[in-house]
Amino acid sequence: MQNTFWSVRIFALLILLCIGSMTSQAQTYDTVTVNGERFYKYSVKPGEGLYAVSRIFSVSVAEIIRHNPGSNSGLKNGQELLIPITNENAGLTLSIASAGATGQNESVDQNTTFKHTVSKGETVYSISKMYHTTVSEVNRYNPGVSEGITEGQVLTIPQRRIISEVKEENYRYHTILPKETLYSVSKTYSLKPEDVMLANPGLSVETFQVGRTIRVPFFESYEVIAPYESQTVNIIHKVQSKETLYSIARNYQVEVSDIERENPILAGGLKANMELIIPVKRSMLEKDSHSMENEANRLLIQNIPQDRLGVIKVGLLLPFLDETGRGHLRLQEYYEGFLLAVEKMKDSGANMELYVFEIGRAGNTQKLVSLLETMEMRSLNLIVGGVNDAQIKLISDFSKANNIKYVVPFSQSNGEVLNNGNIFQVNPLNSGTYTKASFAFVQMFRNANVVFVTGGQNDKKEFIAELQRHLRDNQIHYETVALTGELNSSIMPVLSRGKENVIVPCSGDSNMLRQLIAELKEVREADSSCVTRLFGHPEWQTYGDLINDYHLLGAYIYTPFFVDQSNPGTHSFVQNFRKWYGRNLMETYPSYGLWGYDTGLFFLTALSRYGSRFEHNIQKIRINSLQFAFHFERVNNWGGFINNGLFLIHYDTNGSVTQSDLNR
């Protein structure tokens, strides 16, 4: 699969007729201004759909539909569309026959490295896990990233190489280039478009975008591959009288230098009847590419039918008998909360069966391995469970092999979600939480006077670094002072009397918080005109004796989980729990009973409404959760989903508590 695939001898007249008909379509698009916005005018070609047009002009399908009402019901030959002019497509001149081709693609070699654009909340560590490499390798290819990475930053990542004899999936990664389509990418690797889709369950019109990465099934990891649009076929052209190198190159849409490179004989000049080797683009000679490309594009926009389940079968796999750290008590309460969700779903008419399995102590996976070999496990629609990395890895591999959805309830850092499209991780990543909280802070306190207070255990340095970076990016000034016995005197000079002062402790430590609150009370007594607010961390909600002080200082807390004790749903759950099990919930943070209930209710609702392929409707699933903010987002085109839900809790000075879901 090098530049030369085969060599064919064709009469020049036939080739010139074919290519001449294509080059005659080259054009510069007319422009028009509508309501102050500039557009290209584009006439739809036979068989073209919205996606094909979007790829030509580097705009989204949604943008085309927005400016062309009714186009979402289908395009007709000759229909005129208004295409918004953007920075990416300004001054566009294209050949319709080769709209997928671009000279930019030819210079991009993805055989040893590829590009990754950093998404919100990602870290160097998570990126290294995603691509089966190491932090040191990412640092080596990207000097300076050890100081931190930012959303939108483009990193160079080494291609994965399979060198072990252990049987495992082999993929290489491909960063989508300008003008590439699903069809052209699949042709690059001699695959069917369906193969690429199967390897990337998250691939759609919205995610097949320039700069995004996809996973490509590949079995010769060291084979050198050239992009489809730069692959060439050598044909023989017999020079006619009066022809020049320029006219020949123009007719074949190649560069003069390409012809000269393939034909050393031209050193003596161009002569009639001379036979030249012409490296013609492979895509130009494959007559079926247009219809096949449209068919491939439809794969990205097809609707996934719902597969309603007659009986929903769910397996709960946990080490219930492992008493290490009294963990068995927490898991028992999680199970009890999950059972209450099952009963609620049954009361609403759902038909389901819950299978509960004890999977053995954390250090011994023998029982789990035996369990996963049973036919009973293969009949499940959903698996919930696994506590440590070894258990999660085994269940993850099983879910992938049998195409069963798998919920990881507790772990944050196992990494399986990055490479298994069936996984749903309930516990949010700290990095994602910190990023989302930082964005919320900037939106709310853009005009405030921000003061960081250092001291305590300094356990929030990652969040503080992220927040300060966002403040700098938005040109928002902040001050930093140290927590000392003289804080009231050291902080006074940096406080503003003309606007709100937001105080952010650099630690979630309760001792530091208590000292800080005492000092801020003295500041308020010294100058009542100085308005101060606290902005703090999830664990603050567990310091029950400080609630009145939170209201006094108008405190805000960011947190993935929060229990509103005034919520009638919470009150009802607590009563039902006591009725069923004859005891109160344990005082844990977060509550394991509510954790099990929320998780069960969310995923059982998903299965009941949308069947086993509910992931395609994941954003439509809404439940009245009692503790968790649920907002699942796919981590990449081939991986699973992580819950990025986040609450912002406000203890108002009027005594009320406001719980805001930052995803709604």
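Throughout, read-outs are computed from the coordinates displayed, never taken from laboratory work. These numbers come from a predicted model, not from an experiment. Every residue, glycine among them, receives a Cβ derived from its backbone with ideal geometry; neighbour counts consider all protein chains shown.
Rounded to the nearest 0.05, what FRET efficiency is calculated for Arg361 and Met586 with R0 set to 22 Å and r the Cβ-Cβ distance? Walk me through the numbers before you get to the answer.
Numbers: r = 22 Å, r/R0 = 0.98.
Between Arg361 and Met586 the formula returns 0.55.
In a Debye calculation with equal point scatterers on the alpha-carbon sites of the chain and no solvent, what is log10 I(q)/I(0) at q = 0.06, 0.08, 0.09, 0.12 Å⁻¹?
Log10 I(q)/I(0), no solvent term: -0.46, -0.77, -0.93, -1.34.
Treating cross-link reach as a plain straight distance, find the aspartates and glutamates whose alpha-carbon is under 12 Å from the alpha-carbon of Lys238, omitting any fewer than eight places away in the same chain.
Of all the aspartates and glutamates, those that pass the test against Lys238 - Cα under 12 Å, at least 8 places apart if same chain - are Glu275.
Just to check I understand the Karplus step: with θ = phi - 60° and J = 6.51 cos²θ - 1.76 cosθ + 1.60, what whole-Hz values come out for region 237-249, glycine and proline as x?
Once rounded to whole Hz, the list reads 10, 8, 5, 9, 5, 6, 6, 10, 4, 5, 5, 5, 4.
What is the angle, in °, between the Cα long axis of helix 592-610 and the longest principal axis of the Cα atoms in the chain? Nearest 10 is fine, range 0 to 90.
Value to nearest ten degrees: 40.
Determine the dipole magnitude for region 347-419: charges of +1 sit on the beta-carbon of Lys and Arg, -1 on that of Asp and Glu, nothing else is charged, the reference point is the Cα centre, and the result goes in debye to the nearest 20. Display every interim value, and only then the final one.
Values: 6 positive and 8 negative charges, 38 e Å.
For region 347-419, the charge dipole is close to 180 debye.
Could you state the angle between the C-alpha long axis of helix 510-526 and the longest principal axis of the C-alpha atoms of the chain, as a value from 0 to 90 degrees rounded to the nearest 10?
That helix lies at roughly 80 degrees to the long axis.
Of Phe647, Tyr406, Leu368, which is farthest on the positive side of the dipole of the chain, counting Cα position, with +1 on Lys and Arg Cβ, -1 on Asp and Glu Cβ, and the Cα centre as origin?
Tyr406
Toward the positive end of the charge dipole of region 431-559, about the Cα centre and with charges on Cβ (Lys, Arg +1; Asp, Glu -1), which of His537, Ser489, Leu467 goes farthest?
Leu467
Could you work out the helix-only [θ] at 222 nm for the chain, with each DSSP H run of four or more residues adding -39,500 (n - 2.57) and the total divided by the number of residues, to the nearest 500 deg cm²/dmol? Intermediate values should be presented prior to the final figure.
Working: 23 runs with 226 residues, N = 664.
About -10000 deg cm²/dmol.
Would you order Trp580, Trp595 from fewest to most other beta-carbon atoms within 10 Å of each residue's own beta-carbon?
Ordered from fewest to most neighbouring Cβ atoms within 10 Å, Trp580, Trp595 come out as Trp580, Trp595.
Region 298-350 to region 52-82: how many Å between their Cα centroids?
Taking the Cα centre of each part, region 298-350 and region 52-82 sit 42 Å apart.
Among Val426, Val254, what is the fewest-to-most ranking by other Cβ atoms within 10 Å?
Details: Val426 24, Val254 18.
The order, fewest Cβ neighbours first, is Val254, Val426.
Amide H neighbours of Phe424 under 5 Å, counting only residues 5+ apart in sequence or on other chains, H built in-plane at 1.01 Å?
Excluding prolines and chain starts, which carry no amide H, the hits are Tyr406, Val407, Val408, Phe641.
Lys521: which aspartates and glutamates have alpha carbons under 18 Å from its alpha carbon, excluding same-chain residues fewer than 8 sequence positions away?
Result set, ordered by chain and number: Glu486, Glu500, Asp545, Asp549, Asp652.
Any aspartates and glutamates with Cα under 12 Å of the Lys41 Cα? List them, leaving off those in the same chain fewer than 8 positions away.
Asp30, Glu80
Please determine, in degrees from 0 to 90 and to the nearest 10, the orientation of helix 568-581 with respect to the longest principal axis defined by the Cα atoms of the chain, where the helix direction is its Cα long axis.
70
What's the Kirkwood radius of region 431-559 in Å, using all Cα pairs?
On the way: mean 1/r = 0.0682 Å⁻¹.
Hydrodynamic radius (Kirkwood, Cα pairs) of region 431-559 is 14.7 Å.
Kindly work out what percent of the DSSP beta bridges joining two residues of the chain are antiparallel, to the nearest 5. Working shown, then result.
Details: 41 of 80 bridges.
Looking only at bridges with both residues in the chain, the antiparallel portion is about 50 percent.
Which ordering of Glu539, Glu80, Glu255 is given by a fewest-first count of other beta-carbon atoms within 10 Å? Before the final figure, lay out the partial values.
Details: Glu539 16, Glu80 9, Glu255 12.
Ranked by crowding around the Cβ, least crowded first: Glu80, Glu255, Glu539.
Can you tell me how much longer the chain between Glu479 and Asn72 gets when fully stretched, taken as 0.36 nm per residue apart minus their C-alpha distance, in nm with one decimal?
Numbers: separation 407, 0.36 × 407 = 146.52 nm, distance 5.15 nm.
Using 0.36 nm per residue and subtracting the Cα-Cα distance, I get 141.4 nm.
To the nearest 20 debye, what charge dipole does region 435-581 have about its Cα centre, counting +1 at the Cβ of each Lys and Arg and -1 at the Cβ of each Asp and Glu? Display every interim value, and only then the final one.
Working: 14 positive and 16 negative charges, 93 e Å.
So the dipole magnitude of region 435-581 works out to roughly 440 debye.
Pick out, from Ile395, Ser58, Gly582, the residue whose Cα sits farthest towards the positive end of the charge dipole of the chain, with +1 on the Cβ of Lys and Arg and -1 on the Cβ of Asp and Glu.
Selected residue: Ser58.
Hey, got the dipole for the chain? About the Cα centre, +1 on K and R Cβ, -1 on D and E Cβ, debye to the nearest 20?
On the way: 62 positive and 68 negative charges, 263 e Å.
Computed charge dipole of the chain: roughly 1260 debye.
Given Lys120/Lys460; Lys460/Lys499; Lys187/Lys271; Lys187/Lys242; Lys281/Lys400, which pairs have Cα atoms separated by over 29 Å?
Numbers: Lys120/Lys460 19 Å; Lys460/Lys499 26 Å; Lys187/Lys271 37 Å; Lys187/Lys242 38 Å; Lys281/Lys400 39 Å.
As for pairs spanning more than 29 Å Cα to Cα, those are Lys187/Lys271; Lys187/Lys242; Lys281/Lys400.
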